[in-house]
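This report refers to the structure that appears directly beneath it.
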Amino acid sequence: MRLRNIPGSEEVLNNCSYVINKPKEHKGRWFNVFQNNNPIQIEIGMGKGKFIVEMAKKNPQINFVGIEKYSSVLLRAVQKLDMLEEISNLRFICFDAKEIDEIFEVEEINKIFLNFSDPWPKDRHSKRRLTSKEYLNRYEKIIEKYGILEFKTDNKILFDFSLEEYKESNWILLEVSFDLHHDLKMNTDNIMTEYEQKFSEMGNVIYKMILKNKE
Ligand SMILES: C[S@@+](CC[C@H](N)C(=O)[O-])C[C@H]1O[C@@H](n2cnc3c(N)ncnc32)[C@H](O)[C@@H]1O
């Protein structure tokens, strides 16, 4: 998905009002960015942004921050936006979630979404998976008390790994579906991501788990 060296991409991102270029400066003060105290929910690894843009439009009382590691991918999200339509509760950040606690303060985040995160299939790379206990511990530093994490994937190996990892963290399993699109309860109001659309059209089953922070 990573596209390299797109000419002019930095300029486009620097001039886009949705993109926060120095996110560390807003740690503990994101209410200033949004000009309100509404809850803040984040998607880590937002890709081209279909999910978070739709979430923001549907939930104007919640603030959304989409986080994407690669500027070339974030550029695609920005290019897809209709600039004539203002979505005041939406911002994007180009950032590696490994240092997520450098941009958000303790308990500043209400909910975290992880959608179709990279599987990192080799065992020696397991710490890079966004649902590894290492990452779950990082999220714990920013999530509010009893805050929620939602994770969707079509990758059964990553899903099974994630179902074990949370047990070694301060998160508890709230709900799980091994076939989201045929799960009446959990699929209600489901917003599909780009990858979800692509993989479900190929016939892949989609898995979803919801974790809650213990305290
Ligand atoms: C497989 S894509 C899924 C995109 C989108 N969530 C979807 O479901 O269509 C995973 C995305 O996560 C981003 N990503 C991977 N590791 C990341 C990290 N540590 N911090 C932020 N983004 C990351 C990748 O660059 C990629 O765009």
* Structure fact -> The condition from (1) of a type outside the set (G, A, S); (2) surrounded by fewer than 18 Cβ atoms within 10 Å (Cβ to Cβ); (3) touching a helix residue (DSSP H, G or I) at 6+ places or on another chain (Cβ under 7 Å) that K80 misses is numbered (3)
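Considering only the stretch 32-65, state which residues are assigned to a loop (DSSP other than H, G, I, E, B), touching a strand residue (DSSP E or B) at 6+ places or on another chain (Cβ under 6 Å) and surrounded by fewer than 22 Cβ atoms within 10 Å (Cβ to Cβ).
Result: N38, P39, I62.
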* Identity of the residue in the stretch 47-70, within 7 Å of the ligand (Cβ to nearest atom), without any contact (Cβ under 8 Å) to a residue 60 or more places away in the chain and not acidic (D, E), that ends up nearest to I112 (Cα to Cα) -> I67
* Restricting the stretch 176-212 to residues that are among the polar types (S, T, N, Q) and part of a loop (DSSP other than H, G, I, E, B), the residue that is farthest from the ligand (Cβ to nearest atom) -> T188
* Sort out which residues of the stretch 198-215 are touching a residue at least 40 places away in the same chain (Cβ under 8 Å) and more than 30 Å from E168 (Cα to Cα), and write them in order of number. => S200
* Asked: Can you tell me which residues in the stretch 120-135 are in contact with a strand residue (DSSP E or B) (Cβ under 8 Å, 6 or more places away or on another chain) and free of Cβ contacts under 8 Å to residues at least 60 places away in the same chain?
  -> T131
* Residues of the stretch 102-136 satisfying the condition of being away from the ligand (no atom under 13 Å from the Cβ) and more than 20 Å from K208 (Cα to Cα) -> F104, E105, V106, E107, E108, I109, K122, D123, R124
* Positions within the stretch 147-162 being more than 16 Å from the ligand (Cβ to nearest atom) and either crowded, with 18+ Cβ neighbours inside 10 Å or within 18 Å of the chain's Cα centre (by Cα) (or both), in sequence order -> G147, I148
* Structure fact -> In the stretch 162-175, anything of a type in the set (S, T, N, Q) and either within 16 Å of I44 (Cβ to Cβ) or part of a strand (DSSP E or B) (or both) is listed as S162, S169
* Structure fact -> Contact list, first residue from the stretch 162-186 and touching a residue at least 24 places away in the same chain (Cβ under 8 Å), second anywhere and β-branched (V, I, T), beta-carbon distance below 6 Å, six or more apart or interchain, is S162/T131; E165/T131; L174/I210; E175/I210; D179/V205; L180/I206; H181/I206
* Quick check: anything in the stretch 4-17 more than 17 Å from the chain's Cα centre (by Cα) and within 22 Å of I191 (Cβ to Cβ)? -> no
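Any read-out appearing in this document is the output of simple, stated calculations on the displayed coordinates, not a laboratory observation. Predicted model, so just to flag it, every value in this text is computed and none were measured. Neighbour counts are summed over all protein chains in view; Cβ atoms, including those assigned to glycine, are modelled from backbone coordinates with ideal geometry.
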